[in-house]
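Only one structure is covered here, and it is reproduced in the block below.
The values are calculated or read from the model by the stated rules, or taken from the named source; none is laboratory data. Here the structure is a predicted model, which means the values were calculated and not measured. All Cβ positions, glycine included, derive from the backbone under ideal geometry; neighbour counts span all protein chains shown. Heavy atoms of the whole protein, side chains included, go into the accessibility calculation; ligands, DNA and RNA do not. Shrake-Rupley method; radii C 1.70, N 1.55, O 1.52, S 1.80 Å.
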Amino acid sequence: MPMRYDKLWKQIDKKGLTQYKILKAKIITATTMQKLREGKTVTTESIAKLCKILECQPGDIMEYVPDDQ
């Protein structure tokens, strides 16, 4: 699934958080964080947790980019 999470990193920075702080607080796992960095599929539960701490909607942290065919 071609997802981009570029917006996520901007939201994290905007809130004054870091990837380290999110992992330390056990909001999501290191495996999930790595999947986000690589643009891989993550669960809606993980997206919901991030939206909760960032006070945003899913579209504020991710976007669908279709594969070139």
GluC sites (Glu not before Pro) restricted to DSSP loop in region 14-69 with at most 11 other C-beta within 10 Å | Glu55
Roll a 1.4 angstrom probe over the protein heavy atoms and tell me the percent of accessible area of the chain that is carbon or sulfur.
-> 51
For the pair Asp13 and Tyr64, how long in nm is the line joining their label points, each one 7 Å along Cα→Cβ?
-> 2.7
Compute the distribution of all C-alpha to C-alpha distances in the chain, in bins of 10 Å from 0, and list the percent of pairs in each, rounded to whole numbers.
-> 20, 60, 17, 3, 0
Show that you can apply the helix-only estimate: for the chain, add -39,500 (n - 2.57) for every DSSP H stretch of four or more residues, divide by all residues, and state [θ] at 222 nm to the nearest 500.
-> -14000 deg cm²/dmol
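State, as an integer percentage, the relative contact order of the chain based on alpha-carbon contacts under 8 Å between residues 6 or more apart.
Relative contact order of the chain: 54 percent.
Can you give me the accessible area per residue for the chain, using a 1.4 Å probe, in Å²?
I get 72 Å² per residue for this part.
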Using the Cβ atoms and a cut-off under 14 Å, what net charge is assigned to the surroundings of Met3, where Lys and Arg are +1 and Asp and Glu are -1?
-> 0
